[in-house]
1. Among rounded, prolate and oblate, which fits the stretch 22-131 when a ≥ b ≥ c are the square roots of the eigenvalues of its C-alpha gyration tensor, a/c under 1.5 means rounded, and a/b larger than b/c means prolate?
2. Could you calculate the contour length gain from M132 to H244, that is, 0.36 nm times the residue separation minus the distance between their Cα atoms, to one decimal place in nm?
3. Tell me which of Y45, L250, Y262 sits at the most positive position along the dipole axis of the chain, charges placed on C-beta atoms (Lys, Arg +1; Asp, Glu -1).
4. About the Cα centre of the stretch 37-83, how large is the charge dipole given +1 on each Lys and Arg Cβ and -1 on each Asp and Glu Cβ? Please answer in debye to the nearest 20.
5. Amide H to amide H under 5 Å from V49: which residues, 5+ apart in sequence or cross-chain, H placed 1.01 Å off N in plane?
6. Report the Rg/Rh value for the chain, based on alpha-carbon coordinates and the Kirkwood definition of Rh.
7. Return the distance in nm (one decimal) between the two label points of a simple spin-label model at D162 and I35, each offset 7 Å from Cα along Cα→Cβ.
8. Say a paramagnetic label sat at a point 7 Å from the Cα of Y139, along Cα to Cβ; which residues of the stretch 151-193 have their backbone N under 19 Å from it?
Amino acid sequence: MRADKDFRENTRARTETVKPLLQVREIEKRYGARIGCTGVNFDLYPGEVMGIVGESGSGKSTLLNCLAGHLEPDAGQVIFDTRADGPVDTVTMSEPERRMLSRTDWAFVHQHARDGLRTSVSAGGNIGERLMAVGDRHYGNIRERAIDWLGRVEISETRVDDRPTAFSGGMQQRLQIARNLVTGPRLVFMDEPTGGLDVSVQARLLDLLRGLVREMGLSALIVTHDLAVVRLLADRLMVMKDGHVVETGLTDQVLDDPQHAYTQLLVSSVLQV
Ligand SMILES: Nc1ncnc2c1ncn2[C@@H]1O[C@H](COP(=O)(O)OP(=O)(O)O)[C@@H](O)[C@H]1O
Ligand SMILES: [Mg+2]
């Protein structure tokens, strides 16, 4: 794991000079009297992968959905460093502006691939659709890029005209990833990307994700209850409990030397997650 350490050192060194891609300030979301998440603050730097862990019901998905513009937080700011205008609060930007961001600079990988795919459209069409949404109209070019992306997620070119419903769970998830990454986003949100897949399929998907994240220099927020996922993918970790962030730090530090009692339980797997 020597290469990993070097990578993280480099990431850390870079963060001292580069401005954050995402600045999250005092995010809160309530469901009536119930707290979804509250008082969440962090910065995410270009090329950095942040893991968000915690038991079921701790607020991970609520937070991720607030950050990705799927849920409106009751309080707080989500400041994204846009290409055109620099840092902008995405909570208060207009709906069309937010929609444009989610087609271009942002990507969202759902736990259940079917939530992120169009099952009535071919595999190639699922990838091509994202390109068309950002203005690509050249059929030959779209098909060529779709085929290239199928290859990158280890799906045979011969499946380009098949519907995703004919694919295995692992293939569907890889297709969802291709559809998300084809437009070259800068920030990828993932909610339990390996959840619900067989263990052997998970390992392959994780390897693939790890390669793509590094190669494309992606920033990512990965929600998971699986510590093996963050061990492999995340530079930094945020541990959530009852809607609050209880611990943050470099992944190795948090997992090898957890400070908060809850994190200690989580790491020792005493907690049922
Ligand atoms: N749509 C909703 N309506 C009411 N309560 C919700 C809703 N979604 C989530 N919650 C509650 O918010 C808290 C955080 O849930 P969630 O963000 O789904 O956690 P996690 O993703 O960590 O499992 C839980 O107490 C959950 O019951
Ligand atoms: Mg969840």
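The values are calculated or read from the model by the stated rules, or taken from the named source; none is laboratory data. Everything numeric in this text was worked out from a predicted model, so none of it was measured. Here the Cβ positions follow ideal geometry from the backbone for every residue, glycine too, while neighbour counts run over all protein chains shown. These accessible areas exclude ligands, DNA and RNA; they are computed on the full protein's heavy atoms, side chains included. Shrake-Rupley method; radii C 1.70, N 1.55, O 1.52, S 1.80 Å.
1. Since a/c reaches 1.5 but b/c is at least a/b, the shape of the stretch 22-131 is classed as oblate.
2. That pair, M132 and H244, stretches by 36.4 nm at full extension.
3. The Cα lying farthest towards the positive end belongs to Y45.
4. Dipole about the Cα centre, nearest 20: 80 debye.
5. A220, D235, R236
6. Ratio of gyration radius to Kirkwood radius: 0.96.
7. If labels sit at D162 and I35, their model points lie 4.7 nm apart.
8. Only 160-163 fall inside the zone, counting backbone N under 19 Å.
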